[in-house]
Amino acid sequence: MTPRATKRLATNAALTLGAALLLIWSLGPIYWSLVASLTPPNALISDNLHLWPVTPTWEHYAKLFGATSTSQGNQVQSVWPQFRAALLNSIITSLAATIVTVAIAAVGAWAFVRLKFPGRDALFIAVVATLAVPGFTVLIPLYRLMIAAGLIDTYTGVTLIYVSAFLPLALWLMRSVYQAMPLSLEEAAWIDGASKFYTLLRIVLPLAGPGLVACAILTFLSAWGQFMIPLVFSPSLATKPLTVLIPEFVTRNYVDYGLMNAAGIIAIVPPIILVLFLNRFLVQGLMAGASK
Amino acid sequence: MAQVTIHDLTKSYGTTQVMHGVSFDVADGEFVALVGPSGCGKSTLLRMIAGLEDISGGTVSIGGRVVNEVEPKERDIAMVFQNYALYPHMSVRENMGFSLKLRGESRADIEKNVAIAAEILGLTPYLDRMPKQLSGGQRQRVAMGRAIVRHPAVFLFDEPLSNLDAALRVQMRAEIRSLHERLGSTSIFVTHDQVEAMTMADRIVVMRAGRLEQAGPPLELYDRPQNAFVAGFIGSPAMNLLPGQAGGGQVRLSADLTLPLDSTATGSVLYGIRPEHLELVPTGTPGSIIAKVVVVESTGTAMFVGCKLAEITLHALFTDRPPVKRGDMIVLRPRPGLSHLFDAETQMRIG
Amino acid sequence: MHTLASRLRLTRDGRLGLLLVLPVILIMGGLVFFPLIASLIESFFRVEPMKPGSPFVGIKNYVTVMTDRTVLAAWGTTAVYVILAVVIETGGGLMAALLLNRITIGRRWLLAAVVLPWCLPPVINAIIWGWIFNPSYGLMNGLLQATGLTSGNHVWFNDRGTGLVLISLVHAWRMMPLTVIILLAALQSIPKELYEAAKLDGATALQSLRQITLPLIAPGLAIALSQSTVFAINLFDEAWILNGASTDTRSITIQTYISAFQNLKLSVGMALSLLIMVASLAVSAIYVLRVYRETRFE
């Protein structure tokens, strides 16, 4: 073998090894949680370490979805009612926040880019600057505001707070999408006789599709994973999402690791689906959001 | 159809004035080229006519009506953009019919008008394709089709050929011109390429730095440029412009070089002679120059010769392939009556 | 005459613009800017639901949060998180980005796998890792014992140092993808010709990395660093799930939550959260001004 070929082989081996390590680092913990969720309770607390489920069982999932079971000799109450409520709450608040945020950002960002109105730049800078404001800074007065408005523990209240938290990033993202779009397309539409708003609807928005999808994914993921906001604003199962409910499984009289891992796996299914099918948009969105 | 009148048009961004009182007319049915180096304001001027840029001062009239405050869609104009600006999510048919649809015309009328325009432009087989499935030349045709379906009073072209390769550009040049003959519409065509302007336009408007330098038929600009800028800009290769001192029917270009002049001008001047107006003459011919050849470029149809005498560089163009090579000493004479003279101070034509 | 008319036309666009951003103004104004100002004002009062009245107390709340031992300890803890997280994320993220930049086959899917941790709810991440760190049945003890590195079960969070490292690790596991993406975007914007030119000039791979890659991705690195820092300053979920309110691993944001919502000293919480905001903004500003500005080449 020539020295160059040897060197190339060594490079490829190193790259493959690096890729394998990166995969283990990124996916290993998730895999391990999946294994735990499929392992029977008694095997979970055995001393033997198995890297795959030796006797797979759906029992933890069955428990989540309604089956009553015995644990440590006691009849355990089904967690399905709580789990169902939290799952629904997560879905409703995340979807509502996503739809509202994307709608406001899609229209607002276009106005920031293409229309001249008084205070435009100052407003945009102020809104984007709030990206650096930690949630807690506004959470405390907001808590009192929400109590006064009777919006604590309501879908409306939680959704509104999500929107206010995720709107700056969405606006930033959509603005970069519109800035990259050739102005001449819109000018051609004006000359063709379209009004500005009609141009937005018929020309701009259809072409902003990938950007809107990226924006929607980022907003949905942020809302789906929120913990601090619902911890404060969703005290009861009326709006409490999975992220707040699942950790509470720990603080019952004992810790059911199988159940927690199974619940965790359910909670990460939507993000995983998004990454699997829409990762191109997601990565583009992240790149656009992160760069200048 | 309509005539377009530009009167004392100015444009400022904040305190920076970029256009300084431009005025000219475009007659009904006339094809006018706006030409000038990049940044001269020609595109801005076109966009002001289209209504895409605000007008800071002066007026734009189309068909006798001042349109300064009229929305683009109500100016009865169509525009072909440099990047074509085809709607990527609409088929050729939808692109061409979009303006008619917005106008609320019936489906049958839209269909008919699109079919006619497609026929004229040879686009009939492509009506159901999307823009990205078309070649550059086809996209260019769709952009024109989108303009002609509306039967506008005025066509505006913003450097529409600059994204095409050289061969296609020559072909489209002829097509646009013949389309213009056929439709008889008023057209304003922006380009930075003076060859395009010369070959296509009835009249050329030369601009520089937001000012109109000269307007007139192509050959008038070539034969009698009003100033040194137009002299250098129109014609390729560019005119030789040599500084000198005029007086007594002569111009002194350097200590030991004078040329006869059919003008009585005196003082500092720019002496202009086009490369194609220099001829090879026998040694000793009165009014001739002896120069050393430093560059010879041959394109087959013509031969371009760059030569030097002292500090002066001269370019000459021959079509009869004289046996000249690098390093030769050659004798050149400006053909009588074809030289130009400009005032060195004002750059204006004096003879 | 026409100036008046053109002003009228401007306001037509202006009206549409204002109309379209009205939702932005209402939501951001009502739910962010108004509370922000309220926070600023009320941090100078005593706002505690358990005590009657809310008298003006000047900078007392600020003095409290800068002298209280628990709060000071929480600042220290957060500082440790920031240092550890930034080091892990930047080091690991740079290596991962360089690797991804070299890999051509299946990069899209590898990238999807790398991005995944960032997409999951932080709380679930913490639960997943909590199971790995479980003293009795966790993978970590299991692997260490199986390989004979240790014997016996470690209760990892009994030791403050270990706890801080592990929480930082979990946080970095989630946030590293962001660094990877930012750096990968920066790497991909470097023209290949530069490396080819350097190769012809005789540069080794390491020299190419130091002389070409690092200077050219410096702006991206600055953004990544500032993101890592700001997110680490605001670390909450991981520490809260893995070790609860324990003072060993209590970050400054957990301290804020406890002050405000458990001890119900709302105004103290506001003062604290404003200081966190100032810290975050200052970090962003430093990175942006020092690193980003100085390393722009065009």
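The values are calculated or read from the model by the stated rules, or taken from the named source; none is laboratory data. Bear in mind the structure is a predicted one, so any value in this text is a computation, not a measurement. Counting neighbours? That spans all protein chains shown, and the Cβs are built from the backbone with ideal geometry, glycine included.
For the range C:1-24, a residue qualifies if it is more than 7 Å from chain A (Cβ to nearest Cβ) and at pLDDT 55 or above, and the qualifying residues are C:THR11, C:ARG12, C:ARG15, C:LEU19, C:LEU22. Taking the numbered list (1) facing another protein chain (nearest Cβ under 10 Å); (2) of a type outside the set (D, E, K, R); (3) in contact (Cβ under 8 Å) with a residue 40 or more places away in the chain in turn, A:ALA194 passes all entries but (3).
Does B:PRO237 satisfy the criteria of being outside any strand (DSSP E or B) and surrounded by 12 or more Cβ atoms within 10 Å (Cβ to Cβ)? Here the answer is yes, as B:PRO237 does meet what is asked. Against the criterion of being under 19 Å from the mean Cα position of the chain (by Cα) and either buried (at least 21 other Cβ atoms within 10 Å of the Cβ) or part of a helix (DSSP H, G or I) (or both), A:VAL213 qualifies.
Would it be correct to say that B:VAL80 is at the interface with chain A (Cβ under 10 Å from one of its Cβ atoms), touching a residue at least 12 places away in the same chain (Cβ under 8 Å), surrounded by 20 or more Cβ atoms within 10 Å (Cβ to Cβ) and among the β-branched types (Val, Ile, Thr)?
Numbers: at the interface with chain A (Cβ under 10 Å from one of its Cβ atoms): yes; touching a residue at least 12 places away in the same chain (Cβ under 8 Å): yes; surrounded by 20 or more Cβ atoms within 10 Å (Cβ to Cβ): yes; among the β-branched types (Val, Ile, Thr): yes.
Considered against the rule, which asks whether it is at the interface with chain A (Cβ under 10 Å from one of its Cβ atoms), touching a residue at least 12 places away in the same chain (Cβ under 8 Å), surrounded by 20 or more Cβ atoms within 10 Å (Cβ to Cβ) and among the β-branched types (Val, Ile, Thr), B:VAL80 comes out as yes.
Of everything in the range B:293-344 that is on the phi > 0 side of the Ramachandran plot and either in contact with a His (Cβ under 7 Å, 6 or more places away or on another chain) or free of Cβ contacts under 8 Å to residues at least 24 places away in the same chain (or both), the residue that is surrounded by the fewest Cβ atoms within 10 Å (Cβ to Cβ) is B:GLY300.
Of C:LEU184, C:LEU209, all but one fail to be out of contact with any helix residue (DSSP H, G or I) (no Cβ under 7 Å at 6 or more places or on another chain) and either in a helix (DSSP H, G or I) or exposed (fewer than 15 other Cβ atoms within 10 Å of the Cβ) (or both); the exception is C:LEU209. Between B:GLU119, B:GLU111, the distinction of being in a helix (DSSP H, G or I), away from chain A (no Cβ under 14 Å), farther than 24 Å from A:PRO206 by Cβ and modelled with pLDDT of 90 or more belongs to B:GLU119 only.
Is it true that B:LYS42 is buried (at least 20 other Cβ atoms within 10 Å of the Cβ) and either within 9 Å of chain A (Cβ to nearest Cβ) or under 23 Å from B:GLN214 (Cα atoms) (or both)?
On the way: buried (at least 20 other Cβ atoms within 10 Å of the Cβ): yes; either within 9 Å of chain A (Cβ to nearest Cβ) or under 23 Å from B:GLN214 (Cα atoms) (or both): yes.
Against the criterion (buried (at least 20 other Cβ atoms within 10 Å of the Cβ) and either within 9 Å of chain A (Cβ to nearest Cβ) or under 23 Å from B:GLN214 (Cα atoms) (or both)), B:LYS42 qualifies.
Taken over the range B:267-285, the criterion of being of a type in the set (Gly, Ala, Ser) and not in a strand (DSSP E or B) is satisfied by B:GLY284 alone.
If we keep just the residues of the range B:180-196 that are of a type in the set (A, V, I, L, M, F, W, C) and buried (at least 19 other Cβ atoms within 10 Å of the Cβ), which is nearest to B:VAL4 (Cα to Cα)?
Applying the first criterion (of a type in the set (A, V, I, L, M, F, W, C)) to the range B:180-196 yields B:183, B:188-190, B:195.
Among the residues that remain, those that are also buried (at least 19 other Cβ atoms within 10 Å of the Cβ) are: B:188-190.
Values: B:ILE188: 9, B:PHE189: 13, B:VAL190: 15 Å.
Looking at residues that are of a type in the set (A, V, I, L, M, F, W, C) and buried (at least 19 other Cβ atoms within 10 Å of the Cβ), I get B:ILE188.
Within the range C:112-161, the set of residues being over 25 Å from A:ASN48 (Cα atoms), surrounded by fewer than 19 Cβ atoms within 10 Å (Cβ to Cβ) and not acidic (Asp, Glu) comprises C:ARG160, C:GLY161. Can you find a residue in the range C:112-126 that is within 30 Å of C:ILE181 (Cα to Cα) and part of a loop (DSSP other than H, G, I, E, B)? Among the residues of the range C:112-126, at least one is within 30 Å of C:ILE181 (Cα to Cα) and part of a loop (DSSP other than H, G, I, E, B), which makes the answer yes. Per this entry, C:SER259 is not counted among residues that are within 12 Å of chain A (Cβ to nearest Cβ), under 17 Å from the mean Cα position of the chain (by Cα), part of a helix (DSSP H, G or I) and buried (at least 24 other Cβ atoms within 10 Å of the Cβ).
Could you go through the range A:35-45 and let me know if any residue there is exposed (fewer than 15 other Cβ atoms within 10 Å of the Cβ), at pLDDT 80 or above and in a helix (DSSP H, G or I). For the range A:35-45, residues exposed (fewer than 15 other Cβ atoms within 10 Å of the Cβ), at pLDDT 80 or above and in a helix (DSSP H, G or I): absent.
Those residues that are more than 14 Å from C:ILE37 (Cβ to Cβ), at the interface with another protein chain (Cβ under 7 Å from one of its Cβ atoms) and modelled with pLDDT of 85 or more, I need them from the range A:124-142; list them, please. The one that is more than 14 Å from C:ILE37 (Cβ to Cβ), at the interface with another protein chain (Cβ under 7 Å from one of its Cβ atoms) and modelled with pLDDT of 85 or more: A:VAL127. Every listed requirement among (1) touching a Leu at 6+ places or on another chain (Cβ under 9 Å); (2) outside any strand (DSSP E or B); (3) hydroxyl-bearing (Ser, Thr, Tyr) is met by B:SER187 save one, (2).
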